[in-house]
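**Q** Structure provided below as structure tokens; questions to follow.
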Amino acid sequence: MNKEVLENRILKVLFSKEAIRVRTKDLGKRISHDYGAGGLALDLSARPPLLVCVLHGALVFLADLSRQIPTEVEYDFICVASYGNGTSPGAVRLIKDLERPIQGRDVLIVEDIIDTGYTIDYLKRSFLARKPASIRICTLVDKVARRERPVDIDYTGFVLEQDEFIVGYGMDYGELYRNLPYIGVLKPEFIR
Ligand code: PRP
């Protein structure tokens with residue numbers, strides 16, 4: 001096992017721990033307000049909004065974001081992967097589905113990053129077919145440079161204009177670096 005401190009492999013920090021904390025707090029406040037009385041919630045049974053965490057990258061963000069929402073929420077988890085074999089660009093594979101029906105619910109999809117937009121496009125279409133009361137999208141990072149599918153994002157933490165590969169705060173390279181408390185760029189020697 002390599003015991004080297006991960007921080008030594010980071011070229012630069014793009015979004016610091018403190019910057020993430022501040023943005024997450026703000027988003028939590030807005031979400032709580034929007035789903036509160038007289039807000040955007042459309043669930044006729046008045047159930048709390050269902051935060052859907054898109055595994056695995058959004059795990060850290062969901063944990064922090066939801067603790068900045070002082071009103072009722074529920075969690076569910078979905079896991080998808082892109083085929084990534086070059087033969088079917090944009091194709092998304094379902095690894096683990098939601099555990100409960102979302103019909104009539106107010107669904108808030110929580111993502112760590114929206115890049116090409118294929119994943120969120122797939123999720124939105126899949127969820128719409130299940131007839132929720134509403135679907136909204138929250139992402140910590142909106143990486144606009146490589147967008148291939150138009151996406152309407154309701155809550156954005158940061159916009160990343162440059163096409164940089166980022167890790168940390170849930171985001172990985174080869175399944176590593178998700179546990180870094182900030183978002184940064186790897187030194188080139190650690191990219192194989
Ligand atoms: C990342 C991220 C999004 C998706 C965005 O997941 O969490 O779900 O990519 O990319 P897109 O907009 O180009 O579709 P990834 O497939 O890396 O899996 P992970 O969450 O398990 O790291």
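The values are calculated or read from the model by the stated rules, or taken from the named source; none is laboratory data. Keep in mind that what you see is a predicted model, and the values were worked out from it rather than measured. Every residue, glycine as well, gets a Cβ built from its backbone with ideal geometry; the counts of neighbours run over all protein chains shown.
**Q** Select from the range 33-89 the residues that are within 16 Å of the ligand (Cβ to nearest atom) and loosely packed, with under 12 Cβ neighbours inside 10 Å and list them in ascending order.
**A** Gly84, Asn85, Gly86, Ser88
**Q** Of the residues Arg136, Arg105, which single one is away from the ligand (no atom under 11 Å from the Cβ), over 17 Å from the mean Cα position of the chain (by Cα) and surrounded by 14 or more Cβ atoms within 10 Å (Cβ to Cβ)? Break it down into steps so the answer makes sense when it comes.
**A** Values: Arg136 fails: over 17 Å from the mean Cα position of the chain (by Cα).
Just one listed residue meets the conditions, Arg105.
**Q** Taking the residues in the range 14-45 that are touching a strand residue (DSSP E or B) at 6+ places or on another chain (Cβ under 6 Å) and outside any strand (DSSP E or B) as candidates, determine which candidate is nearest to Arg100 (Cα to Cα). Lay out the reasoning, then the answer.
**A** Residues of the range 14-45 that are touching a strand residue (DSSP E or B) at 6+ places or on another chain (Cβ under 6 Å), as a first pass: 14-15, 23, 27, 41-43.
Retained after the next criterion (residues that are outside any strand (DSSP E or B)): 23, 27, 41-43.
Working: Arg23: 30, Leu27: 25, Ala41: 19, Leu42: 18, Asp43: 15 Å.
Only one residue fits best here, namely Asp43.
**Q** Continuing with the same structure: Regarding Ala37, is this residue at pLDDT 95 or above and aliphatic (A, V, I, L, M)?
**A** On the way: at pLDDT 95 or above: no; aliphatic (A, V, I, L, M): yes.
Criteria not met by Ala37.
**Q** Okay, moving on. From Val151, Val144, Val110, which residue is within 14 Å of the ligand (Cβ to nearest atom) and farther than 21 Å from Arg30 by Cα?
**A** On the way: Val151 fails: farther than 21 Å from Arg30 by Cα; Val110 fails: farther than 21 Å from Arg30 by Cα.
Going through Val151, Val144, Val110 in turn, the sole match is Val144.
**Q** Related question: Looking at this structure, is Asp142 assigned to a strand (DSSP E or B) and buried (at least 16 other Cβ atoms within 10 Å of the Cβ)? Walk me through how you get there before you give the answer.
**A** On the way: assigned to a strand (DSSP E or B): yes; buried (at least 16 other Cβ atoms within 10 Å of the Cβ): yes.
The answer is yes for Asp142.
**Q** Please determine, by comparing only the residues of the range 165-176 that are among the hydrophobic types (A, V, I, L, M, F, W, C) and part of a strand (DSSP E or B), which one is surrounded by the most Cβ atoms within 10 Å (Cβ to Cβ). Spell out the reasoning first.
**A** The first filter runs over the range 165-176 and keeps only residues among the hydrophobic types (A, V, I, L, M, F, W, C), leaving 165-167, 171, 176.
Now drop any that are not part of a strand (DSSP E or B), which leaves 166-167, 171, 176.
Values: Ile166: 22, Val167: 24, Met171: 22, Leu176: 14.
So the residue we want is Val167.
**Q** Looking at the range 177-192, which of the residues that are buried (at least 20 other Cβ atoms within 10 Å of the Cβ) and outside any strand (DSSP E or B) is farthest from the ligand (Cβ to nearest atom)? If you could, list the steps in order and put the result at the bottom.
**A** Initial filter on the range 177-192 (buried (at least 20 other Cβ atoms within 10 Å of the Cβ)): 177, 180, 183-184, 186.
Then drop every residue that is not outside any strand (DSSP E or B), which leaves 177, 180.
Numbers: Tyr177: 10, Leu180: 13 Å.
Taking the candidates together, the pick is Leu180.
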